[in-house]
Amino acid sequence: MESIVKNMSLADDGIKKIKWVQSHMPLLRGLEVQFSAEKPFKNLRLTVSIHLEAKTAYLCLVLKAGGAQVRVTGSNPLSTQDDVAAALCSQGIEVFAVRGASPADYERHRIMALEHRPHLIIDDGGDLVHALHTDYAELAGDTLGGCEETTTGVIRLRAMEKEGILRFPMISINDANMKYLFDNRYGTGQSVWDGINRTTNLVVAGKTVVVAGYGWCGKGIAMRAKGFGAKVVVTEVNPIKAIEAVMDGYEVLTMEQAALAGDIFITATGCEKVIRREHFITMKHNAVLCNAGHFDVEVYMPDIERIALAKKERRANITGYQMPSGRWLNVLAEGRLVNLAAGDGHPAEIMDLSFALQALCARHIALNSAGMAARVHPVPSDIDNLVAKMKLEALGIGIDTLTPEQDAYLKSWR
């Protein structure tokens with residue numbers, strides 16, 4: 001099947017991006033050498049749906065080095081980088097992704113990536129799994145299992161498991177220590193602010209930043225906002241997380257209260273309608289709103305579209321909406337993932353950890369799927385620990401080991 005990318009003449013620029021991140025991803029480089037020798041994916045078809053930028057592209061090349069027949073599609077219409085998509089295509093990987101694709105084309109590209117009936121899938125947000133369990137279930141006949149990258153996708157998988165309809169094993173990459181402690185916190189914390197700052201060119205210090213959701217992503221975003229000199233407000237529905245935010249030094253308010261105070265709003269909840277009509281109409285003039293969750297439903301765009309008196313592009317990736325009060329609100333990247341739709345995503349060194357988990361867990365399924373039940377599985381602890389050890393080795397850091405006496409002491413009840 002012929003790939004669908006915007007323009008193959010962009011490939012050289014994409015290759016430069018891929019080579020840059022490759023030079024900063026020592027774990028994947030090591031796995032590329034290992035997989036090239038082992039060929040754990042020989043004769044296996046693999047579909048990847050992760051935000052299509054340089055780090056993802058390098059992961060795909062590592063999987064291809066392991067013998068996989070790889071097809072790739074995007075995970076968000078605005079997060080695909082056309083030069084990277086072209087670069088991957090030039091390296092012999094089938095790619096179906098164009099930045100800014102219409103909803104119909106975005107869906108079509110995803111299904112085309114599945115039409116080779118994959119043995120393995122690597123998903124981000126659960127769209128591949130959803131397709132293989134609904135309108136395109138006939139394409140799942142050869143599927144051995146797969147991996148899920150993010151919180152939103154894991155929520156969907158667990159709901160499917162609870163209903164007893166999940167057809168194949170899926171490994172929750174998101175729940176691994178080496179994923180959420182670093183990717184969600186430090187990756188999201190940095191990349192969200194990269195996207196906001198490069199898009200708005202406004203100061204953060206002295207402003208009130210409202211972070212909706214105090215999971216690991218929200219913690220990272222709040223931590224970076226505090227470092228920029230902002231006053232940070234957290235909104236939550238979970239009482240334990242709310243207390244944690246208080247103990248971390250942040251003010252906790254309801255969104256109704258926070259809407260009156262905030263200058264910059266960032267959603268990171270995985271839920272819908274977090275900021276909606278009643279909040280929009282009370283916000284300050286020139287408030288900035290953006291989303292760090294997977295789907296564009298947290299800053300609820302249908303509401304702001306309905307109540308706005310006027311709408312205009314105020315700057316690239318910034319849409320202004322005039323409220324009935326006459327105030328203007330500014331939505332970044334159409335309410336989609338601000339760090340990817342308006343930036344380059346997480347730093348390469350962070351994604352090296354997450355994508356090492358993806359590669360190793362894909363290999364685990366390829367080798368062990370026959371003994372894995374059709375449910376959501378945790379990342380095996382030996383893989384989680386291996387990635388940590390690989391990272392320490394790459395950093396040139398050594399740690400202590402327990403002596404036999406210490407090990408016996410810790411295992412004894414006496």
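The values are calculated or read from the model by the stated rules, or taken from the named source; none is laboratory data. All of these numbers come straight from a predicted model, not from anything done at the bench. For neighbour counting, all protein chains shown are included, and Cβ atoms are generated from backbone atoms with ideal geometry for every residue, glycine included. With ligands, DNA and RNA removed, areas are computed over all heavy atoms of the protein, side chains included. Shrake-Rupley method; radii C 1.70, N 1.55, O 1.52, S 1.80 Å.
Which of (1) surrounded by 21 or more Cβ atoms within 10 Å (Cβ to Cβ); (2) in contact (Cβ under 8 Å) with a residue 60 or more places away in the chain; (3) of a type outside the set (F, W, Y) is the odd one out, the single condition L144 does not satisfy?
Here L144 clears every test but (1).
Look through Y300, Y321 and report the one residue that is farther than 30 Å from L166 by Cα and either open to solvent by 50 Å² or more (accessible area, probe 1.4 Å) or of a type outside the set (A, V, I, L, M, F, W, C) (or both).
Numbers: Y300 fails: farther than 30 Å from L166 by Cα.
Going through Y300, Y321 in turn, just one is farther than 30 Å from L166 by Cα and either open to solvent by 50 Å² or more (accessible area, probe 1.4 Å) or of a type outside the set (A, V, I, L, M, F, W, C) (or both): Y321.
Taking only pairs six or more apart or across chains, which ones have beta-carbon atoms under 6 Å, a first residue in the range 232-257 that is over 15 Å from T269 (Cβ atoms) and at pLDDT 95 or above, and a second residue that is among the hydroxyl-bearing types (S, T, Y) and surrounded by 14 or more Cβ atoms within 10 Å (Cβ to Cβ)?
V232/Y250
Given (1) surrounded by fewer than 18 Cβ atoms within 10 Å (Cβ to Cβ); (2) touching a Cys at 6+ places or on another chain (Cβ under 9 Å); (3) within 18 Å of V331 (Cβ to Cβ), where does V237 come up short, assuming only one miss?
(3)
Are any residues in the range 154-170 of a type outside the set (A, V, I, L, M, F, W, C), surrounded by 15 or more Cβ atoms within 10 Å (Cβ to Cβ) and farther than 13 Å from A131 by Cα, and if so, which ones?
Step one: list which residues in the range 154-170 are of a type outside the set (A, V, I, L, M, F, W, C), which gives 156, 158, 161-164, 167, 169.
From the residues that got through so far, the ones that are surrounded by 15 or more Cβ atoms within 10 Å (Cβ to Cβ) too are 156, 158, 161, 167, 169.
Selection gives R158, E161, P169.
Yes or no: the range 382-405 includes at least one residue that is touching a Lys or Arg at 6+ places or on another chain (Cβ under 7 Å) and either farther than 30 Å from F168 by Cβ or open to solvent by 20 Å² or more (accessible area, probe 1.4 Å) (or both).
No: zero hits.
Of the residues F280, F295, which single one is farther than 20 Å from K219 by Cβ, in contact (Cβ under 8 Å) with a residue 40 or more places away in the chain, buried (at least 22 other Cβ atoms within 10 Å of the Cβ) and of a type in the set (F, W, Y)?
Details: F295 fails: buried (at least 22 other Cβ atoms within 10 Å of the Cβ).
Result of the check over F280, F295: F280.
If a residue has to be touching a residue at least 60 places away in the same chain (Cβ under 8 Å) and either part of a helix (DSSP H, G or I) or surrounded by 15 or more Cβ atoms within 10 Å (Cβ to Cβ) (or both) to count, how many in the range 171-203 make the cut?
Total meeting the criteria: 22.
Starting from the range 93-112, take each residue that is over 22 Å from E138 (Cβ atoms) and list its partners that are surrounded by 15 or more Cβ atoms within 10 Å (Cβ to Cβ) and small (G, A, S), counting only C-beta distances under 7 angstrom and pairs at least six apart or across chains.
V95/S3; V95/A85; A97/G74; A97/A85
Can you pull out the residues in the range 16-48 that are part of a helix (DSSP H, G or I) and either more than 22 Å from A356 (Cβ to Cβ) or without any contact (Cβ under 8 Å) to a residue 12 or more places away in the chain (or both)?
Here is the first cut: in the range 16-48, the residues part of a helix (DSSP H, G or I) are 16-22, 26-38.
Within the range 16-48, K16, K19, R29, V33, Q34, A37 meet the criteria.
Quick one: in the range 221-252, of everything that is touching a Phe, Trp or Tyr at 6+ places or on another chain (Cβ under 6 Å) and not hydrophobic (A, V, I, L, M, F, W, C), which residue is farthest from C290 (Cα to Cα)?
Restricting to residues being touching a Phe, Trp or Tyr at 6+ places or on another chain (Cβ under 6 Å) and not hydrophobic (A, V, I, L, M, F, W, C), the top hit is K241.
So which of A342, A333, A359 is buried (at least 23 other Cβ atoms within 10 Å of the Cβ) and within 23 Å of K42 (Cα to Cα)?
On the way: A342 fails: within 23 Å of K42 (Cα to Cα); A333 fails: within 23 Å of K42 (Cα to Cα).
Unique residue meeting the criteria: A359.
Determine, yes or no, whether F35 is at pLDDT 95 or above and more than 20 Å from the chain's Cα centre (by Cα).
On the way: at pLDDT 95 or above: yes; more than 20 Å from the chain's Cα centre (by Cα): yes.
So F35 fits the description; yes.
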